Amino acid sequence: MKALFTHFRGDLLGGITAGIVALPLALAFGVSSGLGPSAGLYGAIFISIFAALFGGTPTQISGPTAPMTAVSMIVIAGIIAGYDGSVEKALPAILTVFLLGGLMQIGLGLIGIGSYIRYIPYPVVSGFMTAIGLIIIITQLLPALGYYPKEDESYVKPFTPEAEELILENILREEAGEGILVLEDFKETISRAGEITDEEILKEAQVLAAKEASGVIGAISVLPRALRNIDFIELILALITVGIIFGLKKITDKVPSTLAALILVSGIAYGIGLDYRPIETIPEGFPVPNLGIVTQFRLTSITPYVFTALTLALLGSIDSLLTSVVADNMTKTRHNPNKELVGQGIGNSVAAIFGGIPGAGATIRTVVNINAGGKTRLSGVISGILLLIILLALGPVASQIPAAVLAGILITVGIKVMDYKGLKAIPSLPKDMVIGPVKLSSEVIIMLVVLVLSTIWNLVYAVGIGLVIASLMFMKKIGDLTAKRSEIRSAGSEKAWADEKGFPDSLKEKVFIKHIKGPLFFGTTSDFQMLADQIPESATTVIIRLGRMQYMDQSGLYAMEDVLQDLRSKNIRVLFVRILDQPRYMMERIDIIPDLIPPEHIFDTFGQSVKFVLKNPVPSLQPSG
């Protein structure tokens with residue numbers, strides 16, 4: 001505990017500075033998610049405090065981030081649509097998915113996944129981050145223009161027939177559940193249908209309209225309509241916000257430009273009495289747990305989102321550990337990746353219980369904390385406490401912030417989060433693939449696939465597809481390289497290894513040497529299986545040198561068995577030279593050793609195998625089968 005307060009002054013300054021930077025982003029991410037600004041604040045408060053207390057990176061500041069908010073937005077929109085557009089009804093199911101994601105993240109840390117996160121390919125991360133930027137920018141264009149689809153009567157009206165159908169379907173479903181729906185008598189149905197008001201139909205039509213206009217494709221589809229219905233007050237507020245954020249950065253780095261834009265533009269808009277649209281009201285008082293997570297729990301509500309919860313856990317882990325690396329470089333320390341995942345998972349779980357959106361380690365806030373003097377986990381706790389004080393003391397004031405200001409802030413976040421380094425590298429990356437007459441870069445293909453699919457389809461599936469493609473391409477490259485190095489050749493036909501230079505001339509046409517220089521795994525088995533077909537009829541012995549084959553998987557094991565059986569059927573003797581422990585263990589498990597390769601055909605050196613051939617020039621094998 002004493003060590004925790006050793007650097008109190010620096011931690012205090014770092015925590016306060018990071019909290020100030022986090023405030024406008026927390027509000028903006030909350031609004032963007034669909035749960036409102038309070039959800040962003042609750043997430044920032046609890047994740048910051050608990051991830052700092054239990055995490056493995058002392059200087060890390062955590063909270064809602066752009067990638068986590070983008071995925072959360074998908075979860076929230078999908079679940080709300082299943083609850084007739086009611087956020088209040090859908091909230092327990094939404095928070096249950098977030099809680100599940102936090103618990104999964106704790107599990108990832110406990111089983112040691114943190115050590116493997118770094119193996120995710122850069123093109124996948126690059127495409128994903130650029131897609132996040134595009135999603136945020138495009139979806140925030142509508143509020144920046146002051147256009148809200150569900151409030152546009154001419155846009156909502158065509159959804160009225162579908163709304164009426166859905167309401168009728170719900171009535172029929174309720175009657176079926178109550179056991180009163182019969183074909184002979186629709187009196188109850190007619191009675192209930194007669195009680196439907198125009199207001200209920202309009203509300204359902206608005207839900208359908210909002211759903212149709214959601215996401216990137218939806219926003220683009222209604223953009224022409226938005227441009228014809230611009231609210232110029234909202235647009236001017238958004239543009240001024242963007243201008244201040246980028247303009248102030250060029251003047252000074254000492255003042256957080258996002259906070260300055262929030263205070264200046266909101267203060268002026270409120271002070272001169274502009275007719276602007278404020279954000280949703282932020283509830284007063286201390287956040288309370290949402291008991292609906294327990295009392296209204298339904299497994300069927302979250303089952304479709306289990307994979308999405310896992311994606312939140314993985315994405316939060318990647319996001320956090322990337323920031324941890326930045327913190328390590330700045331502080332010359334070393335973080336504990338698995339402990340960091342446990343801390344982030346605890347933070348996300350607690351935030352979900354209190355109604356907050358999930359988050360991760362935030363790079364900008366962490367850098368600000370370190371530069372201001374933060375050195376221990378106390379700085380993260382102070383950052384969260386500061387946001388809690390602001391919530392309790394200034395909640396009503398914050399509720400007067402213009403929605404367009406937060407849209408402007410999010411647009412700048414989208415611009416900043418895009419991976420320009422990866423985009424600039426596209427022309428210079430090596431073209432290692434040939435498709436027809438065109439040469440392409442496999443890394444560019446992966447990045448563009450993830451970018452396009454994430455932007456116009458689904459973030460979760462896009463990352464999964466990107467990882468599969470990247471893995472397949474990597475395995476193909478390794479397989480090609482291994483096969484190229486492990487050529488099949490007649491002894492003496494190519495440059496021999498040092499210990500092969502004195503190979504007897506009398507054996508050169510009868511003995512073939514196979515060098516395996518690398519792992520024998522599923523990516524190289526097809527080339528290895530060609531061994532038996534490429535050995536001429538004059539051969540009586542094959543010497544397979546295994547000293548550089550460190551690893552063999554199950555596919556390689558069975559490929560080896562097939563080749564040995566094929567050679568045995570042709571009465572060709574096989575000798576092993578310097579087989580390593582793991583491959584030997586694998587071959588002993590299925591009795592390749594000793595059934596196909598007896599111990600006397602295994603040698604420690606190449607010279608020993610040559611002496612054996614000279615002493616036993618004619619194989620004494622019996623063809624199998």
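For Ile279, the conditions (1) more than 21 Å from the chain's Cα centre (by Cα); (2) among the hydrophobic types (A, V, I, L, M, F, W, C); (3) surrounded by fewer than 21 Cβ atoms within 10 Å (Cβ to Cβ); (4) at pLDDT below 90 all hold with the exception of (3).
The residue pairs whose first member lies in the stretch 379-403 and is on the phi < 0 side of the Ramachandran plot and at pLDDT 90 or above, whose second member is among the charged types (D, E, K, R) and crowded, with 22+ Cβ neighbours inside 10 Å, and whose beta carbons are closer than 7 Å, counting only pairs six or more residues apart or on different chains, are Ser379/Asp11; Ile382/Asp11.
Among (1) in contact with a strand residue (DSSP E or B) (Cβ under 8 Å, 6 or more places away or on another chain); (2) surrounded by 14 or more Cβ atoms within 10 Å (Cβ to Cβ), there is one condition Val434 misses while meeting the rest; what is its number? In the conditions (1) in contact with a strand residue (DSSP E or B) (Cβ under 8 Å, 6 or more places away or on another chain); (2) surrounded by 14 or more Cβ atoms within 10 Å (Cβ to Cβ), Val434 misses (2) alone.
Selection over the stretch 23-37 of residues that are free of Cβ contacts under 8 Å to residues at least 60 places away in the same chain and under 15 Å from Ser266 (Cβ atoms) gives a count of 0. Scan the stretch 431-446 residue by residue and report those that are at negative phi, of a type outside the set (S, T, N, Q) and part of a loop (DSSP other than H, G, I, E, B). Lys431, Asp432, Pro437, listed by residue number.
Please verify whether Ile111 is touching a residue at least 24 places away in the same chain (Cβ under 8 Å) and among the β-branched types (Val, Ile, Thr), treating the condition exactly as stated. Judged against the criteria, Ile111 is not a match.
Table: residues versus (1) on the phi < 0 side of the Ramachandran plot; (2) among the β-branched types (Val, Ile, Thr); (3) surrounded by 22 or more Cβ atoms within 10 Å (Cβ to Cβ).
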position: Ala77; (1), (2), (3): yes, no, no
position: Gly85; (1), (2), (3): no, no, no
position: Phe98; (1), (2), (3): yes, no, yes
position: Gln105; (1), (2), (3): yes, no, yes
position: Pro121; (1), (2), (3): yes, no, no
position: Ser126; (1), (2), (3): yes, no, yes
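A single member of Ala18, Ala81 is crowded, with 22+ Cβ neighbours inside 10 Å, in contact with a Lys or Arg (Cβ under 7 Å, 6 or more places away or on another chain) and within 29 Å of Ile401 (Cα to Cα), and it is Ala18.
Being of a type in the set (Ser, Thr, Tyr), at pLDDT 90 or above and in the same structural domain as Lys254 (by TED's automatic domain parsing), is that true of even one residue in the stretch 30-47?
From the stretch 30-47, those of a type in the set (Ser, Thr, Tyr) are 32-33, 38, 42; that's our starting set.
Now narrow it down to the ones that are at pLDDT 90 or above: 38, 42.
Next, from what is left, pick out any that are in the same structural domain as Lys254 (by TED's automatic domain parsing): 38, 42.
Within the stretch 30-47 (the criterion being of a type in the set (Ser, Thr, Tyr), at pLDDT 90 or above and in the same structural domain as Lys254 (by TED's automatic domain parsing)), the answer is yes, since at least one residue qualifies.
Would you pick out the residues in the stretch 395-409 that are closer than 10 Å to Glu280 by Cα, surrounded by fewer than 24 Cβ atoms within 10 Å (Cβ to Cβ) and among the aliphatic types (A, V, I, L, M)? Within the stretch 395-409, Ala398, Ala403 meet the criteria.
Of everything in the stretch 185-203, what is touching an Asp or Glu at 6+ places or on another chain (Cβ under 7 Å) and at pLDDT 75 or above? Give them in sequence order. Steps first, please.
Filtering the stretch 185-203 for residues touching an Asp or Glu at 6+ places or on another chain (Cβ under 7 Å) gives 188-189, 201.
Correct list: Ile201 only.
Identification of helices (runs of 4 or more DSSP H) wholly contained in the stretch 288-397 with 1 or more residues that are of a type outside the set (Ser, Thr, Tyr) and either within 24 Å of Phe128 (Cα to Cα) or outside the structural domain of Ser32 (by TED's automatic domain parsing) (or both) yields 306-331, 337-353, 363-371.
Against the numbered list (1) within 35 Å of the chain's Cα centre (by Cα); (2) surrounded by fewer than 17 Cβ atoms within 10 Å (Cβ to Cβ); (3) of a type outside the set (Ser, Thr, Tyr), Phe232 comes up short only at (1). If you go through the stretch 410-431 and keep only what is within 21 Å of Tyr122 (Cβ to Cβ) and crowded, with 17+ Cβ neighbours inside 10 Å, you end up with Gly414, Val417, Met418, Asp419, Gly422, Ala425.
Look at (1) out of contact with any helix residue (DSSP H, G or I) (no Cβ under 7 Å at 6 or more places or on another chain); (2) of a type in the set (Ser, Thr, Tyr); (3) buried (at least 21 other Cβ atoms within 10 Å of the Cβ) and you find that Thr295 fails only one, number (3).
Is it the case, given these coordinates, that Asp319 is surrounded by fewer than 20 Cβ atoms within 10 Å (Cβ to Cβ) and of a type outside the set (A, V, I, L, M)? For Asp319, the condition - surrounded by fewer than 20 Cβ atoms within 10 Å (Cβ to Cβ) and of a type outside the set (A, V, I, L, M) - is not met.
Filtered by the rule that a residue be in contact (Cβ under 8 Å) with a residue 12 or more places away in the chain, within 13 Å of Pro149 (Cα to Cα) and not in a loop (DSSP other than H, G, I, E, B), the stretch 219-244 gives Ala219, Ile220, Val222, Leu223, Arg225, Ala226, Leu227. Of all residues in the stretch 474-493, none satisfies being of a type outside the set (Phe, Trp, Tyr), modelled with pLDDT of 75 or more and in contact with a Ser or Thr (Cβ under 7 Å, 6 or more places away or on another chain).
Name the residues in the stretch 137-174 that are charged (D, E, K, R) and either more than 24 Å from Gly36 (Cβ to Cβ) or surrounded by 14 or more Cβ atoms within 10 Å (Cβ to Cβ) (or both), would you? Don't jump to the end; show me each part of the working.
Looking only at the stretch 137-174, we keep the residues that are charged (D, E, K, R), and these are 150-153, 157, 162, 164-165, 169, 173-174.
The answer is Lys150, Asp152, Glu153, Lys157, Glu162, Glu164, Glu165, Glu169, Arg173, Glu174.
The values are calculated or read from the model by the stated rules, or taken from the named source; none is laboratory data. No experiment lies behind these values; they were computed from the predicted model shown. Glycine also receives a Cβ, built like all others from the backbone with ideal geometry; neighbour counts cover every protein chain displayed.
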